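As structure tokens, the structure follows; a few thoughts come after it.
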Amino acid sequence: MLSQTNSKELSSLIQLKQNDQVGRYYEVVASSSTTSFGKLILHEKPFCFIIDDRERTHCCNYCFKANIKLSRCKACKVSHYCSMNCYHSDHHLKECKALATHPKVTNSIRLLLKCFLSCSDEKQFEMIQNLAPSSSSDEKVEDNLIKLAILFADYVKDVDLSSSFLDNRKEDLDFIYLLLLKLQRNTFSICNEEMNAIGSGIYLKASMFNHSCVPNCAILFDSDKNLYVRILNPSSLLEEGTPLTINYVDLMDLTANRQKKLKEQYHFTCTCPRCLNSNEEVNENVDKMISIANEHRKNQNLQEAVNYFQRIVSKKRSSPSLFHEIYMGIALNSLTHLNVDLSDFKKAYEFGIESLEYFEKYYPPFYPLLGLQYLTCAKLASYLEENGQARLKINSRDLFHKCFAILNTLFRNENNQPFNLLIENNISLP
């Protein structure tokens, strides 16, 4: 849980800048001739982190390892660990009593406590203070954070914070409010090998990257929760001073939906080229169907979710101009993974292959999710081939090669399971 960043983690090819419009941001220092695709420009350990609620009983709450024997804390009956080393490394003894009396505490409050426990000196405190923003003009957000600040003060009243540089601030509601605001805007979703969020973390240096719906960098995680930022598209870095950007929201979504999510969580309006030049129309009926399908999926009513997504696909096929094609991409991707969960691997493969057209169109050419979609299709094709399905639209080896072309560049130096899977199966570029 408690780790520090250092200056060696940041590439000499970039520098931190600041202006009144966007605040702090990174830009290119060196010319484009020195910035190759996949270039690592930041490697950072989490300053603090916490497991997602839904993963708490499936993964160790400190190392995040899954498919491993876990022991539940007998005192609080909330946290689960794979070893005493993880138990102590997570400083669970400091939080255990608070968890026992507040078992339904929100993760935002728990992450703030982790932040308090992680901050051991003035330098770290200054780095936290430098995170944006310094205030909020949204009354609804302000009211909610004030309530959370009061709840936090109550949650930590019996927690020993004597080792924290912030010990004397645990009852300062104004300070707690500001820290909650900063954490709300700067929390990263920590992803597993399938790019599914399993936790939340604060990465102080990575928080300085701004957003674009046409990003020139990508965020990656390894199995130890380390964060990596790699250059996605060096052709966009033609001049020194080019801002370096990542995406805060999923790129395969309508502009209106992306803008809404950015406004709700990050409180700004994106003005990237894709947003400014968008002619995508929202279809409220399809949005409602997707929402219902996702609710069924959340509640493990998988066949009901399949039925709703299948209706979207059928409507689009029968009337191509009925709604925007992004909806088709969303539905096909969902059907791929739902059919995997239902063990209908032939249908999963067919939907997955059809979804690649949309992944290739709406994600950058070497984006991690594109590589993982190729990997999903490759594994499905391999299974079908082993079980007598010889006539496939794209065979497993071709899919593995396309996957490897992306993951070999993005994950070549990281401890990452998708890339390790390819190595173990002796998959390499021809």
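The values are calculated or read from the model by the stated rules, or taken from the named source; none is laboratory data. All figures in this text were calculated on a predicted structure; none of them were measured in a lab. Every residue, glycine among them, receives a Cβ derived from its backbone with ideal geometry; neighbour counts consider all protein chains shown.
Of all residues in segment 176-187, none are out of contact with any Cys (no Cβ under 9 Å at 6 or more places or on another chain), surrounded by fewer than 22 Cβ atoms within 10 Å (Cβ to Cβ) and closer than 15 Å to residue 43 by Cβ. For segment 141-176, the candidate set comprises residues that are closer than 27 Å to residue 225 by Cα and among the aromatic types (Phe, Trp, Tyr); within that set, the residue that is farthest from the chain's Cα centre (by Cα) is 165.
Considering only segment 300-338, state which residues are within 26 Å of the chain's Cα centre (by Cα), polar (S, T, N, Q) and assigned to a loop (DSSP other than H, G, I, E, B). Result: 300, 301. Within segment 248-277, the residues that satisfy the criterion of being over 16 Å from residue 358 (Cβ atoms) and polar (S, T, N, Q) are 259, 265, 269, 271, 277. Scanning segment 206-215 turns up one or more residues that are surrounded by fewer than 18 Cβ atoms within 10 Å (Cβ to Cβ) and part of a loop (DSSP other than H, G, I, E, B). Here residue 163 clears all of (1) in the same structural domain as residue 101 (by TED's automatic domain parsing); (2) buried (at least 21 other Cβ atoms within 10 Å of the Cβ) except the condition numbered (2).
Residues that are among the hydroxyl-bearing types (Ser, Thr, Tyr), assigned to a loop (DSSP other than H, G, I, E, B) and modelled with pLDDT of 90 or more: does segment 351-373 have at least one? Checking segment 351-373: at least one residue is among the hydroxyl-bearing types (Ser, Thr, Tyr), assigned to a loop (DSSP other than H, G, I, E, B) and modelled with pLDDT of 90 or more. The number of residues in segment 377-410 that are under 19 Å from residue 221 (Cβ atoms) and either free of Cβ contacts under 8 Å to residues at least 60 places away in the same chain or among the hydrophobic types (A, V, I, L, M, F, W, C) (or both) comes to 5. Of all the criteria given as (1) surrounded by 14 or more Cβ atoms within 10 Å (Cβ to Cβ); (2) at pLDDT below 90; (3) in contact with a helix residue (DSSP H, G or I) (Cβ under 8 Å, 6 or more places away or on another chain); (4) within 16 Å of residue 193 (Cα to Cα), the one not satisfied by residue 389 is (4).
Among 314, 343, which is out of contact with any helix residue (DSSP H, G or I) (no Cβ under 9 Å at 6 or more places or on another chain), small (Gly, Ala, Ser) and closer than 26 Å to residue 282 by Cβ?
From the options 314, 343, the qualifying one is 314.
For segment 339-350, the candidate set comprises residues that are outside any helix (DSSP H, G or I) and not charged (D, E, K, R); within that set, the residue that is surrounded by the most Cβ atoms within 10 Å (Cβ to Cβ) is 342.
Just one of the listed residues (218, 197) is over 16 Å from residue 47 (Cα atoms), touching an Asp or Glu at 6+ places or on another chain (Cβ under 9 Å), hydrophobic (A, V, I, L, M, F, W, C) and not assigned by TED's automatic domain parsing to the domain that holds residue 133, and it is 197. For beta carbons closer than 8 Å, sequence separation of 6+ or different chains, a first residue in segment 125-141 that is under 20 Å from residue 264 (Cβ atoms) and a second that is in a loop (DSSP other than H, G, I, E, B) and not small (Gly, Ala, Ser), the qualifying pairs are 131/204; 133/267; 136/267; 138/267; 141/267. Looking at 82, 63, 115, which one is of a type outside the set (D, E, K, R), surrounded by 14 or more Cβ atoms within 10 Å (Cβ to Cβ) and in contact with a strand residue (DSSP E or B) (Cβ under 7 Å, 6 or more places away or on another chain)? Checking each option against the conditions leaves just 115.
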